[in-house]
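These notes concern the structure reproduced below.
The values are calculated or read from the model by the stated rules, or taken from the named source; none is laboratory data. Predicted, not measured: the structure shown is a model, and the values here were computed from it. Glycine also receives a Cβ, built like all others from the backbone with ideal geometry; neighbour counts cover every protein chain displayed.
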């Protein structure tokens, strides 16, 4: 999630001041923050951040790996190719809560059950990662994103002693798993699945489901360290509320309406005695552009799940069936 420029400058200033402060005190704490989904497509999966708070230093900073800049050269081309660089950002906790409250999104908090040395290790790693030469990373939706990075940083700080009994959505395919958040049968879900290829139908195993914020939150809720300590001391969490798409807004209804419209156009063409080739030509160009885009992504994109699949041909087939009725009854 990108931050406004004035907020980002404030974050940098806050972090610069924090690096000159004394080490974390006994009353300090580290918490995993999980934000509920938003309405925009990029926000449908929620968000993850880390809170470092130390009352003795009047320090309360939130670090998140979801900052990106729309103003970079050829942003959309790079985004399509999967060459988008995200970076670690930081901001005051109060500002972070205000932003999510403004968009009516919940922020769930899990205070981690860390020793002082482990809390300091988390802070040191965050400060190190925030340095200009370390701040940016190549974003990958499945393997390296704003949810996977905080989890890996916590594990690095505690020495890879974290274990969890949570299994979650293991056994589902990536396609089924992602459809839960994009609301199955919605137009968003159809659009995403239209560019997902056969790799999206692979079943998730092990920790492969831990690339979305809710899964990381649930994983931590049932986690413990090798010495028997629960990973979370206190928490306030709840399942994400994913509202089902209404029947009249599903892509299935859209497909039926498209077919009906094409039948009506065909009926009018039959009555006039000539076919409206411009309609077919216009839609044909759209189909070809979509196919070309998916082929381009399959060959050159770094996105791991893209590829050809049958959903790409749903509307061309409906179009063809409707137009064949003109020929069959001529």
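When both residues are 6+ apart or on different chains and their Cβ atoms are under 6 Å apart, which pairs have a first residue that lies in the stretch 45-60 and is more than 17 Å from residue 126 (Cα to Cα), and a second that is in a strand (DSSP E or B) and at pLDDT 95 or above? Partner pairs satisfying both residue conditions: 46/35; 47/35.
Residues that are in a strand (DSSP E or B), in contact (Cβ under 8 Å) with a residue 40 or more places away in the chain and over 24 Å from residue 66 (Cβ atoms) within the stretch 188-230 comprise 224, 225, 230, listed in sequence order. Of everything in the stretch 99-124 that's assigned to a loop (DSSP other than H, G, I, E, B) and free of Cβ contacts under 8 Å to residues at least 12 places away in the same chain, which residue is surrounded by the most Cβ atoms within 10 Å (Cβ to Cβ)? Among those residues, the one meeting the criterion is 115. Considering the stretch 125-152, the residues that are out of contact with any helix residue (DSSP H, G or I) (no Cβ under 8 Å at 6 or more places or on another chain) and free of Cβ contacts under 8 Å to residues at least 40 places away in the same chain include one that is surrounded by the fewest Cβ atoms within 10 Å (Cβ to Cβ), namely 133.
Residues that are assigned to a helix (DSSP H, G or I) and more than 30 Å from residue 35 (Cα to Cα): does the stretch 242-250 have at least one? No, the stretch 242-250 has no match at all.
Based on what the data block shows, is residue 306 in the same structural domain as residue 115 (by TED's automatic domain parsing), surrounded by 14 or more Cβ atoms within 10 Å (Cβ to Cβ) and touching a strand residue (DSSP E or B) at 6+ places or on another chain (Cβ under 9 Å)? Working first, answer last.
Numbers: in the same structural domain as residue 115 (by TED's automatic domain parsing): no; surrounded by 14 or more Cβ atoms within 10 Å (Cβ to Cβ): yes; touching a strand residue (DSSP E or B) at 6+ places or on another chain (Cβ under 9 Å): yes.
It is false that residue 306 is in the same structural domain as residue 115 (by TED's automatic domain parsing), surrounded by 14 or more Cβ atoms within 10 Å (Cβ to Cβ) and touching a strand residue (DSSP E or B) at 6+ places or on another chain (Cβ under 9 Å).
Taken as a whole, the structure places residue 289 among residues that are exposed (fewer than 15 other Cβ atoms within 10 Å of the Cβ), at pLDDT 90 or above and under 30 Å from residue 44 (Cβ atoms). Within the stretch 260-280, the residues that satisfy the criterion of being assigned to a helix (DSSP H, G or I), over 24 Å from residue 190 (Cβ atoms) and out of contact with any helix residue (DSSP H, G or I) (no Cβ under 8 Å at 6 or more places or on another chain) are 267, 268, 271, 272, 277, 278. The residues in the stretch 218-241 that are closer than 29 Å to residue 38 by Cα and in contact with a helix residue (DSSP H, G or I) (Cβ under 9 Å, 6 or more places away or on another chain) can be counted, and the count is 8.
Report whether or not residue 96 is out of contact with any helix residue (DSSP H, G or I) (no Cβ under 7 Å at 6 or more places or on another chain) and buried (at least 17 other Cβ atoms within 10 Å of the Cβ).
Details: out of contact with any helix residue (DSSP H, G or I) (no Cβ under 7 Å at 6 or more places or on another chain): yes; buried (at least 17 other Cβ atoms within 10 Å of the Cβ): yes.
So residue 96 passes the test.
Could you check, for the stretch 177-193, whether at least one of its residues is more than 26 Å from residue 247 (Cβ to Cβ) and surrounded by fewer than 20 Cβ atoms within 10 Å (Cβ to Cβ)? The answer is no; no qualifying residue exists.
Taking the criterion of being surrounded by fewer than 16 Cβ atoms within 10 Å (Cβ to Cβ), under 15 Å from residue 28 (Cβ atoms) and assigned by TED's automatic domain parsing to the domain that holds residue 217, would at least one residue in the stretch 56-72 satisfy it? Can you show your working first?
Of the residues in the stretch 56-72, the ones surrounded by fewer than 16 Cβ atoms within 10 Å (Cβ to Cβ) are 56, 58, 69-72.
Filter again for under 15 Å from residue 28 (Cβ atoms), leaving 56, 58.
Subsequent filtering for residues that are assigned by TED's automatic domain parsing to the domain that holds residue 217 retains 56, 58.
Yes, there is a match, as at least one residue in the stretch 56-72 is surrounded by fewer than 16 Cβ atoms within 10 Å (Cβ to Cβ), under 15 Å from residue 28 (Cβ atoms) and assigned by TED's automatic domain parsing to the domain that holds residue 217.
I'd like to know if the stretch 76-83 contains one or more residues that are more than 18 Å from the chain's Cα centre (by Cα) and at pLDDT 95 or above. Checked against the condition, which is being more than 18 Å from the chain's Cα centre (by Cα) and at pLDDT 95 or above, the stretch 76-83 yields no hits at all. Restrict the check to the stretch 72-80 and report whether at least one residue is part of a helix (DSSP H, G or I) and closer than 24 Å to residue 223 by Cβ. Taking every residue of the stretch 72-80 in turn, none turns out to be part of a helix (DSSP H, G or I) and closer than 24 Å to residue 223 by Cβ. Just checking, how many residues over the stretch 160-170 are farther than 14 Å from residue 209 by Cβ and without any contact (Cβ under 8 Å) to a residue 12 or more places away in the chain? Of the residues in that region, 1 qualify.
Cβ separations smaller than 7 Å between residues 6+ apart or across chains give the following pairs from the stretch 171-183 residues that are at positive phi to residues that are not in a loop (DSSP other than H, G, I, E, B): 171/203; 183/189.
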